[in-house]
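What follows draws every value from the coordinates through simple rules; no lab data is involved. Not measured: the values here are computed from a predicted model. Every residue, glycine among them, receives a Cβ derived from its backbone with ideal geometry; neighbour counts consider all protein chains shown.
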Amino acid sequence: MLKRGLLLFGIAASSLILATAFAGAAGAVTARGVVQFQNSPAGNISIVQTPSGPTAPCSAFPLVARNSSSSDSATFRLRITLLAPLCAPFTASAVIYAMPGNGAAWPQQLQEKVSFTLQAAGVTEVTFTKVGTPVQFDVVTGATPQQIAPWLQWHGPLLFPFDTATSQQSGIYGPPPVVPEVPLPLLLPLSAVLAAAGGYWLQSSRKRSYVLRSANAPSVNSFG
């Protein structure tokens, strides 16, 4: 009987250890539910989902979703808040697209991606790490092609369409455009030509004005 009790205790303890290990990999258990953690393999995208608020009634994403963003020298963060649970799960992807640099923004290459599901009321915080190279941070729905450009495929719409504050370009993808300067030896002849043209126009104007005044003046014979 004692051996059987010890065996059952050992099985229960092993199950508890496995369950704890599994929960640690997927998230942490809190009073409000499980906090989910996800990271991209390279570690430049991290997602933390913290449930909170009501569990019912459910609603549609545009009616209950809110967002805020913040940025500093090291990270760009997008905070997604669901005021109520969604009636159906909603999948989004945090993506980093690399720009070619050297003055070019396109085409862009998919560098990192983490997909996540929104449904429970609560807060989802997406954090992008700035890597120093020119990249684009987006949280989108739908397709995430490996390569995007205006003349190629494009990724799906932003999670919050038309809200450009929910995405960010990090790094400078190229030097500012150089305005060509006209050489000084060329400027001097040009200035001389312009001055001569101005003088000719002024002299011609004066001549035309004198001729008009002479034509309008009364003739000497008209008083005879």
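Full extension from residue 91 to residue 143: what is 0.36 nm times the residue separation minus their Cα-Cα distance, to one decimal in nm?
That works out to 17.6 nm of additional length.
The mean of 1/r over all pairs of different alpha-carbon atoms in segment 26-170, once inverted, gives a Kirkwood hydrodynamic radius of 15.9 Å.
Close amide-amide hydrogen proximity is noted between residue 112 and 96, each under 5 Å apart and 5 or more residues distant or on a separate chain (H modeled in the peptide plane; Pro and chain starts excluded). Residue-wise HN-Hα couplings along segment 60-76, as the Karplus relation 6.51 cos²θ - 1.76 cosθ + 1.60 with θ = phi - 60° gives them from phi, are 8, 3, x, 7, 10, 8, 10, 8, 8, 9, 8, 8, 9, 5, 10, 9, 10 Hz; Gly and Pro carry x. For residue 110 and residue 55, FRET efficiency with R0 = 35 Å and r from the beta-carbon atoms, rounded to 0.05? The pair residue 55/residue 110 has a calculated efficiency of 0.50.
Between residue 42 and residue 151, the FRET efficiency estimated from the beta carbon spacing at R0 = 30 angstrom works out to 0.60.
In this label model, residue 75 and residue 172 are separated by 2.7 nm, measuring between points 7 Å along each Cα→Cβ vector.
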